[in-house]
Each structure stands twice: as C-alpha cells, then as structure tokens.
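The values are calculated or read from the model by the stated rules, or taken from the named source; none is laboratory data. These numbers were taken from a predicted model, which means no experiment stands behind them. Don't worry about glycine lacking a Cβ; one is built from the backbone with ideal geometry, like all the others, and counts go over all protein chains shown. The accessibility values were calculated without ligands, DNA or RNA, using every heavy atom of the protein model including side chains. Shrake-Rupley method; radii C 1.70, N 1.55, O 1.52, S 1.80 Å.
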Amino acid sequence: MKLATLKTGGRDGTLVVVSRDLVTCQAVPKIARTLQCALDDWEHVAPQLQKVYDKLNAGTAEKAESFIEEECHSPLPRAYQWADGSAYINHVELVRKARNAEVPASFYTDPLMYQGGSDSFVGPNDPIMVQSEEWGVDLEAEVAVVTGDVPMGATPEQAAAAIRLVMLVNDVSLRNLIPNELAKGFGFFQSKPASAFSPVAVTPDELGDAWRDSKLCLPLQVTLNDKPFGRPNAGEDMTFSFAQLVAHAAKTRELGAGSIIGSGTVSNKQGSLHGSSVENGGVGYCCLAEVRMYETIEQGAPQTPFLRYGDTVRIEMLDASGASIFGAIDQEVAHYHWRHR
C-alpha cells in the first residue's frame, strides 16, 4: 500500500491513498483525514485503506484523481518523534579516518542516534532553505521507517513488527556548524535544519523481496545538479537493521505511533575516491562529506565544495522494473525567507 499527504486541509495535510504506479490517488476523509490519524488506529484503518488501494490499482476507484508529486507534503508534515541513526559504519569510519581517529569498538554493537526536530518538515519539492552558504550545506540521502506504538524495552522482533511504513529522506546537515556543537558534548541542534521526506510512504509488504531482515535492499539513486552522484545499495553494509534501530530508540521509553526512525547516510564500502564515483563505475555517495573525506585522506584537503544557492538534489529509489517506488525528493538550495503557515 502507498500513502501520501497533500498540502491541503491545514498543517497536517490531507491523507491520500496512491496507486502502485504513482499515477492516481484518492482522498479518504471518512477513513482517516491525516496519516497520523491512520497510524493512531492502524489495525482498524489499514484494512480499509487497503481496499481503496486495491481499487486504485484495478482502475475501479470511483473518486480517483491524478497524483501530482509537486502537491505533496512529506507524508507526515510534522511528527511526534524523529530520531536518526547512523547504521552505515563505513560512513563513520570515513569521518574518523579523515581526522586520524579510531572508531570506538562500541560503535559496532551500539547504534549512534540523535533526536532531530520534527515540528516542521518540508515537502519533497520544497527548497532547502538556509540563511548562509557558509554554514556548509550538505545533503544526506537516507531511508526511514514510521512506527506504530512500540513498548519500552522492545526486542528487535517486536520492533520489526511495529514498522508500519518505509520512506526516503534528505536529512540536510550544516557541516560547518557541527564541530562547535559537538564540542559542547550535547549533540546536534542548529546544524540540523528541517528534513524532507519522499512524496510517498509504503508498507513493507509492498517492497516484496527488497525488504529483507528489516533492511531495504535496493540502490538509492542520488542526483546532484542533474548528474549521477550516488547509487549505493541501502541493504548493503548496514550494520544495524531498522528492527535494531527501533529497538535502540525504545530502550528507555515508549515510542508513540507516528515515530520516524532514520537509517543515517546510506554508504557502501569502496576502494578510493576516483574509483568509487558513479562516473568511474563505483556506487558513489549519498552526501558531499564523504567525497570531501576521501579527498582529505588521499589529497590532504577537501576539494569539493558544499551546496550553493541554486544547486539541485534529487533522491529516488526504483524497483526491479525501473519504476519509482516512493516518488522523488527534488530540492533546490535557496536563501531563507519566512513563510507563514
């Protein structure tokens, strides 16, 4: 089943069921006005949404309309919880190696995770708004899951059963603000602006064999300024599965329905800077920081700049037939201006 939220009906938008091919959709106000409403009563609501989904795919839905990605907000325009992990240890190893630091042994057994701002996500086609290019604007292409209610101390098996939806995310980082924040020993805040999620969120069963062991085993397609930038497989080199990440988040607290847990930057192990780019036959990257890390390791200093105003980022995932699963995150970096909601 595929679900999306249109930018109508207030801050939390209007829930629509979307056809598998992302061509048509149908609002379901009598079932659930918003995605959060659906998640709050998932066991009762999901079967009703599934019936609408089946009719959309069969072409028999009575109130089907064209699905337009540009009219979408993030599936959850705001959420009670957004916690992002760092499940791809290759990414952490590169960061550490660039500054000649060892990766603590605990990082391989205990996931890294930070709690992000979730009061105002942006839509998948909204600009990446920043006040200064000097902040070091970077994309971070990731996979994320949305949970139902999760009990405190949940096992990975219980956590896996609580995963309701899967989606993509651009978890933007302001790299030049990170060092001073981390030096305070209290985590990210100013260095993590609003994230954007894919137009569509899908149930794990919709992913078929690509959803294995609570991992999404398909390449994540990243395009930077209309050129291929990354194609790493999200299921490879993932040290911690989503079941483990959700269980980690729930170790000392319950997670409420609608909690979002991210994978961290998707990253595959590669040989060198020049051999790992897409243009040289590698799988490329999901953030600029990794390119800059390789440059620092191999050339002594980073050469690639961070994002500038006017730069564009596209993040998407295709199924085995080449069809888009989640729709695309398609953003342009822009100078911030206040938008009253």
So which residues in the stretch 209-226 are in contact (Cβ under 8 Å) with a residue 12 or more places away in the chain and not hydrophobic (A, V, I, L, M, F, W, C), if there are any at all? Arg212, Asp213, Ser214, Lys215, Pro219, Gln221, Thr223, Asn225, Asp226
Of the residues Val28, Val17, which single one is within 21 Å of the chain's Cα centre (by Cα), among the hydrophobic types (A, V, I, L, M, F, W, C) and open to solvent by less than 10 Å² (accessible area, probe 1.4 Å)? Val17
Looking at the stretch 298-316, can you tell me whether even one residue there is in a loop (DSSP other than H, G, I, E, B) and in contact with a Gly (Cβ under 8 Å, 6 or more places away or on another chain)? yes
Within the stretch 222-261, take every residue that is under 21 Å from Leu318 (Cα atoms) and among the basic types (Lys, Arg) and give me the one that is nearest to the chain's Cα centre (by Cα). Arg231
Members of the stretch 219-245 found to be among the aliphatic types (A, V, I, L, M) and either assigned to a strand (DSSP E or B) or more than 15 Å from Tyr88 (Cα to Cα) (or both), listed by number: Val222, Leu224
How many of the residues in the stretch 144-175 are within 30 Å of Glu133 (Cβ to Cβ) and touching a residue at least 60 places away in the same chain (Cβ under 8 Å)? 8
Enumerate the strands (runs of 3 or more DSSP E) found wholly within the stretch 115-176, keeping only those where 1 or more residues are open to solvent by 10 Å² or more (accessible area, probe 1.4 Å). 128-130, 163-170
